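Here's the structure we're looking at; comments come further down.
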């Protein structure tokens, strides 16, 4: 579907790209956390079950790999694909592997530092394009992939 002038606002933003994206991102995040937890459960026997003692660190490590590879492979995690959203860069292109790595690193830092995650969520709710802290720093944005 192509954009027409009827939908594009004076600032060049097509609001259809962002309709419902914040809610979809939240649902996708829950799906991804469940996927990461299941992957960690599969990895646990390979640690001789000592991974139980450092499970949060295991979740961070597996989550980092999961997010980086899924973002680099299609500009969206499996949860985002399920919800019909994807990331794009400042120029509208899919995320490169390097940008996917940087985005994943920013996300990982923000979830390990609670105030940063809270700031990111507030920014998603208040910015026109629903961008979180990492999105604003890197110039990325989540959009509906079906439009």
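We did not get these values from a lab; they are worked out from the coordinates using the rules stated. Keep in mind the model is a prediction, meaning the values are calculated, not measured.
Over the range 64-125, what is the mean sequence separation of C-alpha contacts under 8 Å (at least six apart), divided by residue count, expressed as relative contact order in percent?
Answer for the range 64-125 is 31 percent.
Considering every pair of different Cα atoms, what Kirkwood radius, in Å, is found for the chain?
After inverting the mean inverse Cα-Cα distance, the result is 16.1 Å.
Would you look at the GNM of the chain, springs on alpha carbons closer than 10 Å, and say which of 135, 19, 32 moves the most?
19
For the chain, what does the helix formula give at 222 nm: sum of -39500 (n - 2.57) over DSSP H segments with n ≥ 4, over the residue count, nearest 500 deg cm²/dmol?
-18500 deg cm²/dmol
In degrees, nearest 10, range 0 to 90: what is the angle between the Cα axis of helix 21-43 and the longest Cα principal axis of the chain?
For 21-43 against the chain, the angle is about 20 degrees.
Explain nothing, just the number: relative contact order of the chain, from Cα pairs under 8 Å at least 6 residues apart, as a whole percent.
27 percent
When the chain is treated as a GNM, springs tying every alpha-carbon pair under 10 Å, which of 111, 22, 13 comes out with the largest mean-square fluctuation?
Greatest mean-square fluctuation among the candidates belongs to 13.
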